[in-house]
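The values are calculated or read from the model by the stated rules, or taken from the named source; none is laboratory data. These figures come from a predicted structure and were not determined experimentally.
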């Protein structure tokens, strides 16, 4: 689980920064989705392997 306190940026810096472009947002979301799928696939593989050993 991510910590909410990991970002040490000052509030003023966050509030005065220009907003993210659509391309930047799309890239961030693609990376997030790719990571989530990788984690889900690893969980599925682990579950399948455990099921295979239980079956024997």
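The table that follows gives values for the structure above.
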| item | result |
| --- | --- |
| Residue match in the range 32-40 (condition: over 19 Å from the mean Cα position of the chain (by Cα) and modelled with pLDDT of 90 or more) | no |
| Among (1) modelled with pLDDT under 85; (2) assigned to a helix (DSSP H, G or I); (3) under 17 Å from the mean Cα position of the chain (by Cα) - the single one residue 15 does not satisfy | (3) |
